[in-house]
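The values are calculated or read from the model by the stated rules, or taken from the named source; none is laboratory data. It should be emphasised that the depicted structure is a prediction, and the values quoted were computed from it without experimental measurement. Please note: Cβ atoms are built from the backbone with ideal geometry, for glycine as well, and neighbour counts cover all protein chains shown. SASA here: full protein model, heavy atoms, side chains in, ligands and nucleic acids out. Shrake-Rupley method; radii C 1.70, N 1.55, O 1.52, S 1.80 Å.
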Amino acid sequence: MRFKDQVVLITGASSGIGEDTARAFAEEGAHVFLVARRGDKGENVAQSIRDAGGSATFFKADMGKRNEIEAMVDACIATYGRLDIAFNNAGIEGDFFVETHKHSEQAWDDLLAINLTGVWYCMRHQIPHMLKQGKGAIVNMASMAGVKGFSGSSGYAASKFGVVGITKAAALEYATQGLRVNCVCPAVIRSEMAEKIFLQTEESAAGTAASHPMGRIGEPREVSNAVMWLASDEASFITGEALQIDGGLGA
Ligand code: NAD
C-alpha cells in the first residue's frame with residue numbers, strides 16, 4: 001500500500017498503459033482520478049476498480065482542449081482536495097510509417113496539440129497545487145521515439161522529444177520545492193495503439209518483437225511499475241529523468 005490515500009490523476013486512462021497504471025495505483029491504496037475522452041470506457045474502468053475495492057473517479061476530458069484540462073484539474077481538487085501524483089499519459093500515434101514530406105498537416109497539428117501542448121497544459125494547472133502542498137510528483141509519457149529517431153514518425157517524434165524537453169526544464173525549475181518531474185520512454189508496449197501500428201499481422205508482430213533485444217514487446221504492467229516507482233518516495237532523489245523501458249532497445 002505504497003500510495004495509501006494519495007491522490008493520483010491519470011490521463012488517457014480508458015485503455016492501454018493508462019488503464020493499467022490506474023488499476024496498479026488503486027491496488028496500492030491510491031484514490032485514482034481517471035481521465036479520458038471516451039466516457040463509457042473510462043467510466044467502466046473506474047467502476048471495475050471500485051468493484052475490486054479500490055477508490056476511483058472518472059472525469060471525461062479531451063487533452064486537446066485547454067478549457068477541459070483546466071476543468072479536469074479543478075474537478076480533481078474539488079473531489080479530493082489535493083493532487084499528489086500526476087501521470088500525463090494520454091497520446092495519439094497520428095501518422096506513423098509516413099515520410100516527413102508526406103506527413104499530413106492535420107496529423108502534425110493533432111500530435112503536437114494532444115501529445116505535447118496537452119502535457120504542458122496539464123502541468124501548468126497541476127504544478128500550482130503541488131507547490132502549495134510543498135510536495136508532488138509528475139510523470140509524463142514520452143516514448144523511445146522521444147530519445148531516438150525512428151523513420152516515418154516525424155510528428156510523433158517532435159511531440160515526444162518535446163515531452164522529454166519540458167520534463168527536464170520543469171524538473172530544474174521546481175527541484176528545491178518538493179516537486180519532482182520525470183518521464184517514461186517505452187518501446188513497443190501491448191495496447192490499442194501498438195495493435196494499430198505494429199501488431200496488425202502475425203508477421204509484423206514477429207518483426208516488432210524481434211527488433212527488441214529481449215525478443216519481445218513489453219506489457220502495460222512493465223510501464224506501470226516504472227511509473228509508480230518514479231512517483232514514489234523510493235525515487236526521492238530522481239528528477240528530470242527520461243527512463244527507458246525498452247527491453248534493451250536503447251542500449
Ligand atoms: P492506447 O491507445 O490504449 O491509450 C491511449 C489513451 O489516450 C486512450 O485512453 C485514449 O482514449 C487516450 N487519449 C488519446 N487522445 C486523447 C485526448 N485527446 N484526450 C484524452 N485522452 C486521449 O495506447 P497506449 O499505448 O496505452 O498509449 C498511452 C501513451 O503511451 C501514449 O501517450 C503513447 O504515445 C505512449 N506510448 C505508447 C507506446 C506503445 O507501444 N504502446 C510506446 C511508447 C509510448
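Some observations on this one:
- Residues satisfying the stated conditions in the stretch 33-44, i.e. touching a Lys or Arg at 6+ places or on another chain (Cβ under 8 Å) and open to solvent by less than 10 Å² (accessible area, probe 1.4 Å): VAL35, ALA36, GLY42
- Helices (runs of 4 or more DSSP H) (entirely within the stretch 174-249) containing at least 3 residues that are in contact with a helix residue (DSSP H, G or I) (Cβ under 7 Å, 6 or more places away or on another chain) and either open to solvent by less than 70 Å² (accessible area, probe 1.4 Å) or of a type in the set (A, V, I, L, M, F, W, C) (or both): 220-231
- Any chance PHE96 is at pLDDT below 95 and within 20 Å of the chain's Cα centre (by Cα): yes
- Of all the residues in the stretch 147-163, those that are of a type in the set (D, E, K, R) and part of a helix (DSSP H, G or I) number 1.
- Selection count, the stretch 79-108, where residues are open to solvent by 90 Å² or more (accessible area, probe 1.4 Å) and out of contact with any helix residue (DSSP H, G or I) (no Cβ under 9 Å at 6 or more places or on another chain): 4
- Boolean, TYR156 is touching a residue at least 60 places away in the same chain (Cβ under 8 Å), surrounded by fewer than 20 Cβ atoms within 10 Å (Cβ to Cβ) and of a type in the set (Ser, Thr, Tyr): no
- Residues considered: ALA175, ALA235. Of these, the only one that is more than 10 Å from the ligand (Cβ to nearest atom), under 17 Å from THR21 (Cβ atoms) and among the aliphatic types (A, V, I, L, M) is ALA235.
- Every pair of residues 6+ apart whose Cβ atoms lie under 7 Å, when the first sits in the stretch 211-236 and is closer than 24 Å to LEU83 by Cα while the second is among the small types (Gly, Ala, Ser) and within 11 Å of the ligand (Cβ to nearest atom): PRO220/GLY16; PRO220/SER191
- Residues satisfying the stated conditions in the stretch 164-173, i.e. touching a residue at least 60 places away in the same chain (Cβ under 8 Å) and either not in a helix (DSSP H, G or I) or not hydroxyl-bearing (Ser, Thr, Tyr) (or both): VAL164, LYS168, ALA171, LEU172
- Here ILE17 fits the description: under 22 Å from TYR121 (Cα atoms), modelled with pLDDT of 95 or more and β-branched (Val, Ile, Thr).
- The set of residues from the stretch 134-153 being open to solvent by 20 Å² or more (accessible area, probe 1.4 Å) and either touching a helix residue (DSSP H, G or I) at 6+ places or on another chain (Cβ under 6 Å) or farther than 20 Å from GLU93 by Cα (or both) comprises GLY134, LYS135.
- Residue check: ASN140 meets all listed conditions (1) within 11 Å of the ligand (Cβ to nearest atom); (2) more than 14 Å from the chain's Cα centre (by Cα) but one, namely (2).
- Every residue from the stretch 119-146 that is over 21 Å from CYS185 (Cα atoms), of a type in the set (A, V, I, L, M, F, W, C) and not in a helix (DSSP H, G or I): none
- Residues located in the stretch 180-225, provided they are under 28 Å from MET123 (Cα atoms), away from the ligand (no atom under 13 Å from the Cβ) and not polar (S, T, N, Q): ARG180, VAL181
So that you can scan it fast, the table gives a plain yes or no per residue for (1) open to solvent by less than 30 Å² (accessible area, probe 1.4 Å); (2) polar (S, T, N, Q); (3) touching an Asp or Glu at 6+ places or on another chain (Cβ under 7 Å):
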{"site": "THR21", "(1), (2), (3)": "yes, yes, no"}
{"site": "GLY29", "(1), (2), (3)": "yes, no, yes"}
{"site": "GLN47", "(1), (2), (3)": "no, yes, no"}
{"site": "ARG50", "(1), (2), (3)": "no, no, no"}
{"site": "ALA56", "(1), (2), (3)": "yes, no, no"}
{"site": "ARG66", "(1), (2), (3)": "no, no, no"}
